[in-house]
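Enquirer: Have a look at the structure that comes next, please.
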Amino acid sequence: MLFSPFFLLIHVLIGLGLLIFGFSLFFSSAKKPSGKKYKHQGKAGEPGTCPVCGIVLSPGQQIKSAVFPGEDDRICHIFGCPNCLPYTDSEVHRFCPVCKKDLKADEYLVARIFYRPTGKNHVHILGCVNCRNGAHKS
């Protein structure tokens, strides 16, 4: 009775069901989203876009920069946004928008800020520390 064809067929079907369940359990988890939000790439020069990595900033995110004293226009160092500044996320590509070379963790962009009476300031990126100092020219 234990080795009847019907008994063996039931055990084979149960085994196949468990095998299919195991494959779906392990291989379908790779298709699920990882929980990270997709970071949208913006166009260079658009407001609300990080000039270092090109990612559109979420509401409340700000670009870390240092502005030096001056009159109507000031020199500014742009370090990056929260997406690219810690430089631990290897998915984010940091680059100079002028020379298009990759930026290392300690490199930044040099820019000029023009203050206007209307309150809408203008930022003009001059390049990274390497292309401003001639380090990329060979």
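The values are calculated or read from the model by the stated rules, or taken from the named source; none is laboratory data. Predicted model, so just to flag it, every value in this text is computed and none were measured. Please note: Cβ atoms are built from the backbone with ideal geometry, for glycine as well, and neighbour counts cover all protein chains shown. Keep in mind that these areas ignore ligands, DNA and RNA; they rest on the heavy atoms of the full protein, side chains included. Shrake-Rupley method; radii C 1.70, N 1.55, O 1.52, S 1.80 Å.
Enquirer: Quick check: pseudo-label points 7 Å beyond the Cα along Cα→Cβ at D106 and S24, how many nm apart are they?
Expert: Roughly 5.5 nm, to one decimal.
Enquirer: Now for a separate question. Which length gain, in nm to one decimal place, applies between H77 and Y115 when the Cα-Cα distance is subtracted from 0.36 nm times their residue separation?
Expert: Values: separation 38, 0.36 × 38 = 13.68 nm, distance 1.59 nm.
Fully extending the segment from H77 to Y115 adds 12.1 nm.
Enquirer: I'd like the accessible area for H124: 1.4 Å probe, protein heavy atoms, all chains in place, Å² to the nearest 10.
Expert: It works out to around 90 Å².
Enquirer: Moving on to the next point. What is the distance in Å between the Cα centroid of the stretch 52-118 and that of the stretch 2-27?
Expert: Here the answer is 59 Å between Cα centres.
Enquirer: Taking 8 Å as the Cα distance limit and 6 or more residues as the minimum spacing, I'd like the relative contact order of the stretch 57-98 as a percentage. Walk me through the numbers on the way to the answer.
Expert: Details: 36 pairs, mean separation 12.7, N = 42.
Relative contact order, the stretch 57-98: 30 percent.
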